[in-house]
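The values are calculated or read from the model by the stated rules, or taken from the named source; none is laboratory data. These figures come from a predicted structure and were not determined experimentally. Counting neighbours? That spans all protein chains shown, and the Cβs are built from the backbone with ideal geometry, glycine included. With ligands, DNA and RNA removed, areas are computed over all heavy atoms of the protein, side chains included. Shrake-Rupley method; radii C 1.70, N 1.55, O 1.52, S 1.80 Å.
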Amino acid sequence: MSIRDVYIVDAVRTPIGKFGGALAGVRPDDLAAHVVRALVDRTPDLDPARIDDVVLGDANGAGEDNRDVARMAVLLAGLPVSVPGVTVNRLCGSGLEAVIQAARAIALGDASVAIAGGVESMTRAPWVVQKPERTFPAGHQQMWSTTLGWRMTNPRMPEEWTVSLGEGAELIADKHGITREAQDAFALASHRKAAAAWNAGLYDGEVVPYPDVDLTRDECIRESSTPEAMAKLKPAFRPDGTVTAGNASPLNDGAAALLLVDEEGLRATGREPLARIRASAVTGIEPHLFGLGPVDAVQRALAKAGRGFGDLTTFELNEAFAAQALGCLAEWPELDPALVNPRGGAIALGHPLGASGARLAGSVAHQLAAAGSGTGLAALCIGVGQGIALVLER
């Protein structure tokens, strides 16, 4: 059996809203339906009935995501009911996992045309209550937020593994000697690059605002922030720590989607592809060092593609925390850091968990198309200790 080439024809995303911000009133299934519909509308030559599957990442699923938000999005977007939908969960890597799974189906001949992406409304993530062990308990019940982090943790898990994500970032700062000043400088650079990219119109071709919502660009960019303002923020996880709200990614709402095809599907779209999928990898690491998850995943993906850091044109690395991103960069001494997140990263743009991987893949594809040729990389760290990476070429 021959392996088919897989192409990214188009990639779109919503502007990313801040927690409780402009997108707070929009359900996650509606956010997902919006980007799915936008992809279809931007490719009028493609009969929607030809879409073999819709694969979406979603890190929550406990609320209005309604377990299988991909199928909900298909129906809400008005696609033919014959189009199926499946939802995948690899926490922060869910959106990229969706792209990889859809690409794998196409490469193996199980599909010719697929939509892949992800969605998250961290604002609308519900609280949950564990079922009581007996009927009609008289006492109070514990309630957990599903927005982020551990909940209902298995007591058999070692305590060192179940630290907060922010404490995990502090551990990486300890490991690599990453100072508060370095983290703040990295965060400020993210905001400035994001603002410059928006001002230059670099996001105009991929961002599709949600109807009747007053949000046309990412809501968390702080273009006017200064080192002095960053330095005033208190550590968020240790009294004497280095990780603050300013050098970490925020809580966000948003969705992203990509149109993937084989050669036959490409002809059906009548369009030129943005990029081709070359290789991917997913790896595991100690849960408390989750932020270093991309280190091995990136190296494995590049090896599969027969490429090295010197071959890269661009690299989108998710910025869960500045300490986490800087920790990864410290372990890739041969990588030119100027290639990383040239249009800003998650500290500025936002990190809606299930959507971020798809946003990164789409951004790399658009950057490669703008450059005309090259090799691009998208990678994310994943809570509970995983890393994921995807190599694209044009």
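Summary of computed values
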item	result
Selection status of Leu188, surrounded by 15 or more Cβ atoms within 10 Å (Cβ to Cβ), in contact (Cβ under 8 Å) with a residue 24 or more places away in the chain, more than 19 Å from Ser356 (Cβ to Cβ) and in contact with a His (Cβ under 9 Å, 6 or more places away or on another chain)	no
Number of the condition not met by Ala358 [criteria: (1) in contact with a Ser or Thr (Cβ under 8 Å, 6 or more places away or on another chain); (2) under 21 Å from Pro250 (Cβ atoms)]	(1)
Selected residue [within 20 Å of Asp52 (Cα to Cα), open to solvent by 70 Å² or more (accessible area, probe 1.4 Å) and of a type in the set (D, E, K, R)] from Arg267, Arg222	Arg267
Close pairs (7 angstrom Cβ cut-off, 6 or more residues apart or separate chains): in contact (Cβ under 8 Å) with a residue 60 or more places away in the chain and outside any loop (DSSP other than H, G, I, E, B) in the stretch 272-285, open to solvent by 30 Å² or more (accessible area, probe 1.4 Å) and among the acidic types (Asp, Glu) anywhere	Arg276/Asp5; Thr283/Asp296
Answer residue from the stretch 270-291, given it is out of contact with any strand residue (DSSP E or B) (no Cβ under 7 Å at 6 or more places or on another chain) and farther than 30 Å from Leu46 by Cα and is most open to solvent (accessible area, probe 1.4 Å) among those	Glu286
Per-region count, the stretch 192-220, residues under 20 Å from the mean Cα position of the chain (by Cα) and closer than 29 Å to Asp41 by Cα	19
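Residue-by-condition table, conditions (1) part of a helix (DSSP H, G or I); (2) more than 18 Å from Glu319 (Cα to Cα):
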residue	(1), (2)
Gly168	yes, no
Leu215	no, yes
Arg222	no, no
Met230	yes, no
